[in-house]
1. How about Lys100: which lysines have a C-alpha closer than 27 Å to its C-alpha, ignoring those fewer than 8 places off in the same chain?
2. How much length is gained on full extension from Arg108 to Ser426, taking 0.36 nm per residue of separation minus their Cα-Cα distance?
3. Hey, can you grab everything whose amide H is under 5 Å from the amide H of Arg429? Only 5+ residues off in sequence or another chain; H modelled, so Pro and N-termini drop out.
4. Residue by residue through segment 84-98, which ³J(HN,Hα) values in whole Hz follow from phi under the Karplus form 6.51 cos²θ - 1.76 cosθ + 1.60 (θ = phi - 60°), with glycine and proline marked x?
5. Quick one: length gained pulling Glu22 to Met141 fully straight, 0.36 nm per residue minus the C-alpha distance?
6. Could you work out the local net charge near Arg194, counting Lys and Arg as +1, Asp and Glu as -1, over the other residues with Cβ closer than 11 Å to its Cβ?
7. First select every other residue whose beta carbon is under 10 angstrom from the beta carbon of Asp608; then total the charges, Lys and Arg +1, Asp and Glu -1.
8. Taking amide H positions as placed in the peptide plane 1.01 Å from N, state which residues far from Tyr301 in sequence (5 or more) or on other chains have amide H under 5 Å from it.
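What follows is calculated from the coordinates using simple rules that are stated; it is not laboratory data. These numbers were taken from a predicted model, which means no experiment stands behind them. Quick reminder, even Gly has a Cβ in these numbers, built from the backbone with ideal geometry, and neighbours come from all protein chains shown.
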Amino acid sequence: RVRVFEPRWRRASQGSGGGSGERLEWSLRAEEQGRRLQVASLPGRLWSSLPAEARAEVFKPGEFAEPWPCKDGTPGLLRDVQVGALEDGLLRAVQSNAFKDEISLEPRDYNLVEHDKACREDKFHVLVAADGEHGVQAREMHLSQSQVRPVPRPGSGAPPRTLAVAFDLGASDAASTAGPLGLTASTAVSLAQRRYFLAWADGPGTRGTLHMRMSPEEAVEVKEALGMADFGCPALGAGEALERLRAAAAAAPLRRLRDGLRLYGVPEAALESVALFSSQTADWPIYYAILPNIITPSNGYALGFTIGDAAIAGTAEYGPGFGAGALIEGAACVARTLVERGGAGVLLRGSGLPDEPLAEYGTEMRRLRDRDLRSVGDGILGRLGAGLDGAAAAAKRGAGDADEEGCRARERVATRIKAALLGLASAPRLPEARAAELPELLGEDGQGEALVRRVLDAGLCDETFFVMAAAGPWLVPEIGGPNEMRDDVAAAEPDVYDFGGATPEGKKKAKELRKAADRGDREAQLQLGFMYFTANGVDKDEAESLVWVTKAAEAGQLEAQNVLGCFLRIGRCTDVDKLQAAKWLRSAARGGHVEAQFNLADMYLEGDGVDQDYEEAFTLFLKAATSGDAIAQYKVADMLHVGLGCEKDLEKAIYWATQSATQGSSQSLDLLARLHYSGNGVPVDKEAAATFWERAAEKGHALAQYSLGCMLSIGDGVPVDRERAQKWLRKASDGGLIEARLMCDEELAL
């Protein structure tokens, strides 16, 4: 049974219609209104796993939006819903008959009196500190002595800051000149630039939140203008916030916000609240604790978990997959630990929960933390600042230069809007309503000229186009993703292993090796297997190759065990058998075989035939890295960089990335460039970032080529050099990077 304490609930009568008794509802305190008007984005895998009763209450027809495309195979489209509607729907669902015997709701704070009473009378097995101020207080009172204290992010620089305004078009008599952009059009505009972002909260497109990502300097200016003590404070009513912005000494914040409203056609009169968000600047090293002072009904020790605000305070990002849905994902992590991984049964038996499920919970929460903290793209803050500086510099140079640079910025934004529309049209899976709207948006020419013209004629100032152009299109890279690099053997074409077939010399050598192999010489067995696999002096015979490699592996030859593991993993010379692949790779790895350590680590990282285990992957990568493997050194650096399978440690990440880069790893050079560009673990040094990116670019790294090209194109930390910018953007485009192709087209058009 679950008991939930929430002081923000209040009791209310069931209302008319003959009903009796009481129900709970949210108290709707003034300081909560701004938060409840924001938009939560729930991935399909998350909302589809909610109980049917909860889905029915939360996702009523017309009360949620599906503006985003998604990959094939996902369990459902991403859904955007207003936080208040999400909270109200979940509360109604929990009070239905389906859960009355499983969940009890307590509309009060879980304070020390309640805690002492629960420990004496209503003993429990698990305590979860969750959302809101009281959730943080519960963590401080009951879990803080058992947990490591939060630690600041070293050298992370200014965190991303966002000004968010909630609006309701249906509650306003005012209207914009051209009317608001529809869901599909606004999605394309949001994807085309990273300055502004509109998140719709309903299907008809009447309620939503407009976000404006700010440079560090802007963030300070806006906070002071609004008179807020810090980011994350309760939202202000729109009228009060706008009045404070008007009264500010600098008029820039209000002007820039109004341009965002014009961009999407949202009338100022429709605004309801204004809030400031910031990504967190401190990490909780762990998210669970054994509570030795609390004895469970089974005479064991209770467990404590943190989710939501109690675990990851202050994480607010705009875009698909971010925001208030993190609380539900945290609750799902707890549920998996207790149900799917057997934690509840162990606790009921009075035993301590094993380390493995707790470690998996910690890993899931760290991944959730890093996803919520992830920037919309590397260097976004610097590029916003570069756009503002570029606009100011152009204005100082005179009207002619300002007009020329402004036209160039407008052309860049226009090109990206067209590309975003075409990207939506080619998406593998698009909501039906979005797909139905696309033909009209694309127009007869298929280029979206009408939408582009509307944006260009919206009355936005030159500075706004400068910033949108400098920020670049929406790009969310899979940082540290397991598929970033593929094993060379697995990715190679079959003809790489064909050296031409039988030769007299090869046949003679094979005959000699066969004699030694028959006597049990495991080195000869391996060499003979290689000859048949590569057709090196003998006719290619993968079946014969498998026979001899297997014999060598069974005899304890480490290289043979590694090769056999690779064969079984990718289905070369035999059928795919991931369990056997892991067995042979594990045997070779234990024997100190560096490549086997890397290959097994990769299986654990991807969950490829084994249970996904980031800690084990990190341990194995570290062993290979210590032995000097350059790619393993990069993997270790990347995992330390985001805290995947290990505690986040930027100093060590930089050490291992430097070791790998010294051996020529383009991935490590790219990582070092990103860290220096953003000031993550080291002081901001854009010149050093450009140097690292150029070294990686020369080795063919497409993202490095793109990043360097962007810096040279807008003069971000380096002098403007459009010829070199075009060179690197073209190379990145040739490497298949869509964003680079867009930038190339812009540069050529200009």
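1. Leaving aside lysines fewer than 8 places away in the same chain, those within reach of Lys100 are Lys60, Lys117, Lys123.
2. On the way: separation 318, 0.36 × 318 = 114.48 nm, distance 5.06 nm.
Contour length minus Cα-Cα distance gives 109.4 nm.
3. Cys70
4. Working through the residues one at a time gives x, 5, 5, 5, 5, x, 5, 5, 4, 5, 5, 8, 6, 4, 5 Hz.
5. Working: separation 119, 0.36 × 119 = 42.84 nm, distance 3.11 nm.
Using 0.36 nm per residue and subtracting the Cα-Cα distance, I get 39.7 nm.
6. Numbers: positive: Arg195, Arg213, Arg383, Arg416; negative: none.
Summing Lys/Arg as +1 and Asp/Glu as -1 gives +4.
7. Residues close to Asp608 contribute a combined charge of 0.
8. Hits under the 5 Å cutoff: Thr296.
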